[in-house]
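Since the structure comes first, as C-alpha cells, the remarks are kept for the end.
The values are calculated or read from the model by the stated rules, or taken from the named source; none is laboratory data. Keep in mind the model is a prediction, meaning the values are calculated, not measured. Methodologically, a virtual Cβ is constructed for each residue, glycine included, from the backbone with ideal geometry; neighbour enumeration extends over all protein chains shown.
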Amino acid sequence: MSAPLAPPPATPGTAHAGRLPAVVLMAGSCLPVLGAVLLAPVLPRMQDHFDNVPGSEALVPVVLTVPALALALLAPFAGMIVDRLGRKRLLVVATALYALFGTAPLWLDSLHAILISRVLVGIAEAAIMTACTTLIGDYYSGELRDRYLALQTMCAATSATVFFVLGGALGAADWRAPFWLYTVGLLVAPLMARALPAPLPPTPGRGTEASLPRRPFPVRRMAGICLLTVFGAVVFYTVPVEMAYLLDDLGTDSTATIGAVTAVASAATVLGSVLFTRLSPDRRHRLPALFALCAAGFVLMGLADGLPLLIAGAVLNCVGTGLLLPALVTKAMSLLQFADRGRGMGLWTAAFFLGEFLCPLVLLAAKKPAGGLATAVALLGAATALLAAALFATARRPVLGGVQAD
C-alpha cells in the first residue's frame, strides 16, 4: 500500500488551498475564545474552594483574564516566530501545548500553580490566533480572504455562546470539569498537521505579491490600525462583559433571561459578520459609519429604562461590532506582504486582546464618576461617536499613522 499523500503546498495570495484548510483554521480560531468565557460560570465555586488562600478574592478572577493579558503581551513575539520558523509548524505545536496547559488545573491543587498554567495557556493562544489569521492571509486573497476573515469573527462569536453554556453545564458537577474541554486541542492538532498545506513565499510568476518590490514593514500604518483595534476591542466586548450587570441594574436577575439576551446579542454579532461579506469591497472599510453604528447602540443602552430598549441597543451595537471586527482585520491584512504578515498579524492580535483585557477596567473606572454603569456605557457611546466623527473628517486622508477612514 502506498503512503498517504501529503497536502500540496499552498500558493500564498491565492484561493487554491480549498475549503478544508479554512474549516480547520476556523476551528483553531475558536480555541482562544474558550479561555475567555469557559470559566466565567464556575468562578464562584472556584472562589469557595480556594477561600482559605490569602488574596484569593483577587486571584480567582485573574484565572479568567490572565490568558488574554498574556496573549496581548506575547502575540507580537509569536508573530516574529511565525515569520521565522513557519506558520504551520508553530500552529500545530502551540495547539498541542494548549491542550496540555489547559487541562493542567484538573490535577493542580495550588491556586498559584493554576495561575501559572493559565499564563502558559495565554502564550499558546497567542501563537494559535496569530498563526491562524496569518495562514488565512497566506492561503486566500481578495474577496475570498475577506469572507474567511469575517467567518472567523462569526465562529468566534458563536463559539463564545456555546462555550459559556458548556462551561455552566459542566461546572454544575464540579468547578474543575470545564477544564476537560481543553482536550479538544489534542483532536485539532493532528487535523492541522494533516489538512493544512505548507505555505510558500511568492516567487516570480506566482501570487499577487510576486511582482511587487520588497517594502519595509509598514510601522506607521500598522500603529494606526492597531490603535483603532484596541478601541474597537473595548467596543466589541462591552456588551458580552457588561450585559448581565446592566440587566441586574434594571431589576432582571433571572439567569434564563440573561442567557437569552446574551444569545440574542451574539446572534446580532454573527449577523453583522454576514452583512460584511455581502457588502461591496469599497464599502467594507467605512470605519466612520461602523463606529457610528456601535455608538448609537451604546447610547440606546445607556438611556434604556426597560428591557426592550436595552435589547434594541445591544442588538444595534452588536451588528456594528460584527461589521467592525472583520473590517479592522482585513484592513490590517491589506497592509502586509507575505514576509512580514506574521509579525503584522501578531501586532494586530495583541492590540485586539489588549482591548479585551482593558474593556472591564475602562468601564469600571468610568462607572463611579459617571454615577452608574448605564451612564458609563452612554459615555463610551459618546467617545465612539467622537472617534467616528474624527475619522469621517479625515476621510481619504492619512489618520493615526496612515490609516484611512474610508
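Checking 314, 332 one by one, the residue that is over 22 Å from residue 222 (Cβ atoms) and surrounded by 24 or more Cβ atoms within 10 Å (Cβ to Cβ) is 314 and no other. Of the residues making up region 270-280, at least one is out of contact with any strand residue (DSSP E or B) (no Cβ under 6 Å at 6 or more places or on another chain), on the phi < 0 side of the Ramachandran plot, assigned to a helix (DSSP H, G or I) and of a type in the set (D, E, K, R).
Pairs linking a residue in region 307-335 that is within 16 Å of residue 287 (Cβ to Cβ) to a residue that is among the acidic types (Asp, Glu), with Cβ atoms under 8 Å and 6 or more positions apart or on different chains, are 326/146; 330/146. Of everything in region 61-92, what is of a type in the set (Val, Ile, Thr) and surrounded by fewer than 18 Cβ atoms within 10 Å (Cβ to Cβ)? Give them in sequence order. Listed by number, the list holds a single entry, 62.
Among the residues of region 297-311, those identified as assigned to a helix (DSSP H, G or I) and surrounded by 18 or more Cβ atoms within 10 Å (Cβ to Cβ) are 297, 298, 299, 300, 301, 302, 310, 311. Determine which member of the set 321, 349 is of a type in the set (Ser, Thr, Tyr), out of contact with any Lys or Arg (no Cβ under 9 Å at 6 or more places or on another chain), surrounded by 22 or more Cβ atoms within 10 Å (Cβ to Cβ) and at pLDDT below 90. It is 349. As for region 247-263, it holds no residue that is within 23 Å of the chain's Cα centre (by Cα), surrounded by 18 or more Cβ atoms within 10 Å (Cβ to Cβ) and at pLDDT 85 or above.
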